[in-house]
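The values are calculated or read from the model by the stated rules, or taken from the named source; none is laboratory data. None of the values given here were measured: they were computed from a predicted structure. Virtual Cβ from ideal backbone geometry, glycine too; neighbours counted across all protein chains shown.
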Amino acid sequence: MTTTDGTHPTTRRIRPLMRRVSADHVQLARPPAPLPVQGSSSGWIVRRDQALVALTAVGLTAPAVSALTVGCVRLGTGEVLVHVPGESVDVRVPGCPDGRAVCGACAVHRWVRALELTVQHTDPWVIPAILARAPALTASAEHDCLPGRSVDPAVVPLMLLPPIDQWGPVPSRASTRSPAGAGRAVPSAIDRRVRPGQSFPGP
């Protein structure tokens, strides 16, 4: 859905939150409160939407976001630092430790974790089951951004926000930056549908 000026309503709500703090970094005047998809699910699409909102809320443009790889982000403690290719400074995605809003840093931490699952599990049915069992990201959720951590080296070259469907990244479009042999076995278009009586295996 778009407005009369061609922008998405979410984008219009985000813009007033942005301000430049200094020449060294960009951060939110206040965290996005709340993210429009908070608490609805732990699946692929919601996780990606939350990460995208967190990144655009700190001033990253669509071209900048589309140029990011997983290696461009550093998962710090209570924050995420994003290096935009071609820029000399990093962009900071701050956390929200007081629980007033969904934590933007947690949104990016959780999205990167989902991408890491694609190189750790080859069974395409396992990952949705793992994500479905994870708690949804809400303002009162435990912080996944505490403490900071390193990223699985296998996903460093991958696109940070690849095209996805409900089963994860779409290989035919998302594999251009993937290292040889990385990724997961992906069912065909028919197999990717949940068949009657079918249940997901456990993680």
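Only one residue in 68, 75 is touching a Ser or Thr at 6+ places or on another chain (Cβ under 9 Å), within 25 Å of residue 162 (Cβ to Cβ) and among the aliphatic types (A, V, I, L, M). Which one?
75
Only one of 62, 67, 101 is farther than 23 Å from residue 154 by Cα and under 15 Å from the mean Cα position of the chain (by Cα). Can you tell me which?
Just a single option satisfies the conditions, and that option is 62.
So which pairs qualify, if the first residue must be in region 116-145 and over 23 Å from residue 70 (Cβ atoms) and touching a residue at least 24 places away in the same chain (Cβ under 8 Å), the second must be aromatic (Phe, Trp, Tyr) and in a loop (DSSP other than H, G, I, E, B), the Cβ gap must be under 9 Å, and the two must be at least 6 apart or on different chains?
Close Cβ pairs (under 9 Å, with a partner that is aromatic (Phe, Trp, Tyr) and in a loop (DSSP other than H, G, I, E, B)) amount to 125/167; 125/200.
In this structure, does residue 38 turn out to be modelled with pLDDT under 55 and over 19 Å from residue 141 (Cβ atoms)?
Spelling it out, it is not the case that residue 38 is modelled with pLDDT under 55 and over 19 Å from residue 141 (Cβ atoms).
When the residues of region 58-89 are filtered to those that are touching a residue at least 60 places away in the same chain (Cβ under 8 Å) and touching a Cys at 6+ places or on another chain (Cβ under 9 Å), which remaining residue is farthest from residue 147 (Cα to Cα)?
Here the answer is 80.
Could you grab the pairs with beta carbons closer than 9 Å, sequence gap of 6+ or different chains, first residue in region 46-57 and over 15 Å from residue 84 (Cα atoms), second one hydroxyl-bearing (Ser, Thr, Tyr) and part of a helix (DSSP H, G or I)?
49/10; 53/10
Here's a check for you: in region 93-114, which residue that is of a type in the set (Gly, Ala, Ser) and modelled with pLDDT of 85 or more is nearest to residue 145 (Cα to Cα)?
Among those residues, the one meeting the criterion is 105.
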